[in-house]
Amino acid sequence: MACMTNRIYLDYAATTPVVPEVYKAMRPYFSEKYGNPGSLHSFGQEALAAVDRARETIAALIGARFDEVIFTSSATEANGLALRSVAKKLKAESHKVIVSAIEHKSVLEAAHELFPEVVELPVSHEGIVDIEALKGALHERTGLVSIMCVNNEIGVVEPIAEIARIIKEFKAVSDGPLFHTDASHAFQHLPCNVDELGVDMMTLCAHKIYGPKGVGALYVRGGVDRDLRRGTENVPNIVGFARAAELAAERRESEEKRLRKLLARFVEGVKRTYPKAEINGPAAEAANRAPHIVNIAFPGKKGEELLIKLDNAGVAVSTGAACRSRAVLPSYVLEALGHPRERARASVRISFGMTTTEAEIDEAVQRLADAL
C-alpha cells in the first residue's frame with residue numbers, strides 16, 4: 001500500500017502545481033468576471049481586456065509583439081498548429097520537414113501526417129542534434145525545421161541559436177524554411193527571447209511553469225492569422241498562464257542555481273547507493289542540460305517496477321513523457337541516443353521543482369536504496 005504521509009513529488013517535468021499567486025490571479029475570472037471575450041457588452045470587454053493583458057505580458061517576456069502570440073489549449077495543440085499552418089501555406093505535398101529523432105510525439109506525429117517527406121535528424125549520445133546532418137538535409141523544398149529547446153525526457157538543451165544561424169545562412173542563398181521550437185520545458189529555466197534564439201515560431205506551456213493545465217501559446221513571427229484557431233478563449237487559464245510566466249521569469253536565475261545543486265546532490269546519492277547507475281543524456285554537471293530533469297538507468301532493474309516500488313514508498317517519478325507513461329514500449333528518445341532496449345527499460349526520469357528541498361532529495365535517495 002502506498003505511503004500516504006510525507007510523499008515526495010519528483011515528476012515536475014510531467015506537471016507542476018498551480019502556485020498561490022497564479023490561483024489568486026485566476027480566481028476572479030471563474031465567477032466574478034465571467035464574460036465571454038467575444039461579447040461586445042461590458043462583461044465581454046472586461047474578459048477581452050484580461051486576455052489582451054495576458055498576451056501583452058507573454059509577448060514582452062519573449063521579446064515578441066502582441067499580435068504574434070496566440071493562446072491554445074495545450075503545447076500539443078500549439079505544436080500541431082505550427083506544423084499545420086506551414087503545411088497549409090506551402091501546400092505540403094511538395095515540401096519536406098526536418099525534425100530531430102527525439103522530438104515530442106506531438107511534433108513527430110504531425111510531421112508524418114502533414115508532410116510527404118520527414119527527415120529525423122540523428123542525435124549524439126548526449127542527445128545533441130547532429131548539426132552536419134542538418135546542413136546536409138536542408139533543401140529548397142524544406143518548408144520547416146522543428147527542434148525542441150529542452151528535451152522532456154533527458155533534459156538536454158539543444159543549440160537553438162546555432163541552428164537558427166545555419167538556417168539563416170541557407171536562406172541567404174535559397175528559399176529557406178521556417179524554424180519552430182518547442183520551448184515548453186525551457187521557459188522556466190532558460191531565457192526564451194525569440195530574436196536571440198532566432199526562431200520563427202515557438203511553443204509555450206502553462207502547466208510546466210506552475211500555471212494551470214489546459215492552456216498553451218504559440219508565437220508566430222510576423223503576426224498570427226486569427227483564423228488559425230477559433231473558439232472562446234479560456235480566460236481564467238490565460239490569465240493564470242501570464243502570471244505564471246511573470247513569476248518564472250522573476251525566479252529563473254535563482255531557481256536555476258538551486259536546482260542544479262539539488263540535481264548534483266541527487267545524482268551523487270544515487271551513485272553512492274547504486275554504483276552501476278548511469279545518466280542518460282548529458283552529465284549532471286554539463287552546461288547543456290536543464291537543471292530540473294535527470295534520466296537515470298539502473299542496470300539489472302526494470303523501470304516500471306522501480307517506479308511502482310517508489311510510488312509505494314511515497315516517491316513519484318516517471319519512466320518518460322507523461323503522455324506516453326501508460327505505454328509498455330521503451331523510450332524512443334533513449335533508443336535514439338544509441339542505448340539498447342534493455343537500458344531504456346531500466347531507466348526512470350526524475351525531475352525537480354520549486355518546492356523540492358535538500359531534505360526531500362536525501363529522503364528520496366534513501367527510499368530509492370530500499371526499493372533497489
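The values are calculated or read from the model by the stated rules, or taken from the named source; none is laboratory data. The structure presented is a predicted model; accordingly, all values stated were derived computationally and were not measured. Cβ atoms come from the backbone with ideal geometry, glycine included; neighbour counts cover every protein chain shown.
So how many residues does the stretch 337-367 have that are of a type in the set (A, V, I, L, M) and closer than 16 Å to residue 155 by Cα? Outline the logic, then answer.
The first filter runs over the stretch 337-367 and keeps only residues of a type in the set (A, V, I, L, M), leaving 337, 344, 346, 348, 350, 354, 359, 361, 364-365.
Filter again for closer than 16 Å to residue 155 by Cα, leaving 337, 344, 348, 350.
Residues that pass the stated criteria total 4.
So that you can scan it fast, the table gives a plain yes or no per residue for (1) touching a strand residue (DSSP E or B) at 6+ places or on another chain (Cβ under 6 Å); (2) under 21 Å from residue 97 (Cβ atoms); (3) of a type in the set (A, V, I, L, M, F, W, C):
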{"residue": "169", "(1), (2), (3)": "no, yes, no"}
{"residue": "180", "(1), (2), (3)": "yes, yes, no"}
{"residue": "183", "(1), (2), (3)": "yes, yes, yes"}
{"residue": "189", "(1), (2), (3)": "no, no, no"}
{"residue": "196", "(1), (2), (3)": "no, no, no"}
{"residue": "202", "(1), (2), (3)": "yes, yes, yes"}
{"residue": "206", "(1), (2), (3)": "no, no, yes"}
{"residue": "212", "(1), (2), (3)": "no, no, no"}
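Given the conditions (1) farther than 26 Å from residue 120 by Cα; (2) hydroxyl-bearing (Ser, Thr, Tyr); (3) crowded, with 20+ Cβ neighbours inside 10 Å, and given that residue 319 satisfies all but one, which numbered condition is not satisfied?
Every condition holds for residue 319 apart from (1).
How many residues are in a helix (DSSP H, G or I), touching a helix residue (DSSP H, G or I) at 6+ places or on another chain (Cβ under 9 Å) and either at pLDDT below 95 or not polar (S, T, N, Q) (or both) if we restrict to the stretch 227-261? Before the answer, list the steps.
Start the filter on the stretch 227-261 by keeping residues that are in a helix (DSSP H, G or I), which leaves 227-228, 235-261.
After this cut, where a residue has to be touching a helix residue (DSSP H, G or I) at 6+ places or on another chain (Cβ under 9 Å) as well, the list is 228, 235-249, 255, 261.
Pick out the ones that are also either at pLDDT below 95 or not polar (S, T, N, Q) (or both) and you get 228, 235-236, 238-249, 255, 261.
Matching residues across the stretch 227-261 total 17.
Scan the stretch 28-56 residue by residue and report those that are assigned to a loop (DSSP other than H, G, I, E, B) and touching a residue at least 12 places away in the same chain (Cβ under 8 Å). Write out each step before concluding.
Taking the stretch 28-56 as the starting set, the residues that turn out to be assigned to a loop (DSSP other than H, G, I, E, B) are 32-41.
Across the stretch 28-56, the qualifying residues are 33, 34, 35, 36, 37, 38.
Can you pull out every residue in the stretch 248-257 that is touching a residue at least 12 places away in the same chain (Cβ under 8 Å) and either buried (at least 18 other Cβ atoms within 10 Å of the Cβ) or of a type in the set (Ser, Thr, Tyr) (or both)?
Once the filter is applied, which keeps residues that are touching a residue at least 12 places away in the same chain (Cβ under 8 Å) and either buried (at least 18 other Cβ atoms within 10 Å of the Cβ) or of a type in the set (Ser, Thr, Tyr) (or both), the stretch 248-257 yields 248, 249, 255.
For the stretch 193-216, give me each residue that is closer than 16 Å to residue 177 by Cα and surrounded by fewer than 24 Cβ atoms within 10 Å (Cβ to Cβ). Walk me through how you get there before you give the answer.
Of all residues in the stretch 193-216, those closer than 16 Å to residue 177 by Cα come to 197-202.
Those that are closer than 16 Å to residue 177 by Cα and surrounded by fewer than 24 Cβ atoms within 10 Å (Cβ to Cβ): 197, 198, 200.
Just for the stretch 271-316: of the residues that are among the acidic types (Asp, Glu) and outside any strand (DSSP E or B), which one is farthest from residue 128 (Cα to Cα)? Spell out the reasoning first.
Within the stretch 271-316, the subset among the acidic types (Asp, Glu) is 278, 285, 304-305, 311.
Now restrict to residues that are outside any strand (DSSP E or B): 285, 304-305, 311.
Details: 285: 16, 304: 26, 305: 29, 311: 32 Å.
Only one residue tops the list, namely 311.
In contact (Cβ under 8 Å) with a residue 24 or more places away in the chain, part of a loop (DSSP other than H, G, I, E, B), not assigned by TED's automatic domain parsing to the domain that holds residue 337 and not polar (S, T, N, Q): does that describe residue 224? If you could, list the steps in order and put the result at the bottom.
Values: in contact (Cβ under 8 Å) with a residue 24 or more places away in the chain: yes; part of a loop (DSSP other than H, G, I, E, B): yes; not assigned by TED's automatic domain parsing to the domain that holds residue 337: yes; not polar (S, T, N, Q): yes.
The answer is yes for residue 224.
Just checking, which of 30, 66, 71 is among the hydrophobic types (A, V, I, L, M, F, W, C), assigned by TED's automatic domain parsing to the domain that holds residue 142 and either surrounded by 18 or more Cβ atoms within 10 Å (Cβ to Cβ) or touching a strand residue (DSSP E or B) at 6+ places or on another chain (Cβ under 8 Å) (or both)?
Of 30, 66, 71, the one residue that is among the hydrophobic types (A, V, I, L, M, F, W, C), assigned by TED's automatic domain parsing to the domain that holds residue 142 and either surrounded by 18 or more Cβ atoms within 10 Å (Cβ to Cβ) or touching a strand residue (DSSP E or B) at 6+ places or on another chain (Cβ under 8 Å) (or both) is 71.
Restricting to the stretch 277-288, count the residues that are touching a strand residue (DSSP E or B) at 6+ places or on another chain (Cβ under 9 Å) and farther than 14 Å from residue 333 by Cβ. Spell out the reasoning first.
Keep residues of the stretch 277-288 that are touching a strand residue (DSSP E or B) at 6+ places or on another chain (Cβ under 9 Å), which gives 277-284, 286-288.
Retained after the next criterion (residues that are farther than 14 Å from residue 333 by Cβ): 277-278, 283-284, 286-288.
Final tally of qualifying residues: 7.
Here's a check for you: in the stretch 171-190, which residue that is among the small types (Gly, Ala, Ser) and either outside the structural domain of residue 115 (by TED's automatic domain parsing) or touching a Lys or Arg at 6+ places or on another chain (Cβ under 8 Å) (or both) is surrounded by the most Cβ atoms within 10 Å (Cβ to Cβ)?
Going residue by residue through the stretch 171-190, those that are among the small types (Gly, Ala, Ser) are 172, 174, 176, 183-184, 186.
Retained after the next criterion (residues that are either outside the structural domain of residue 115 (by TED's automatic domain parsing) or touching a Lys or Arg at 6+ places or on another chain (Cβ under 8 Å) (or both)): 176, 184.
Working: 176: 19, 184: 28.
Within the stretch 171-190, the match that is surrounded by the most Cβ atoms within 10 Å (Cβ to Cβ) is 184.
Report every pair of residues separated by at least 6 positions or lying on different chains whose Cβ atoms are under 7 Å apart, first residue within the stretch 350-372 and over 28 Å from residue 187 (Cα atoms) and in contact (Cβ under 8 Å) with a residue 12 or more places away in the chain, second part of a loop (DSSP other than H, G, I, E, B) and not small (Gly, Ala, Ser).
Within 7 Å, the pairs are 372/274; 372/298; 372/301.
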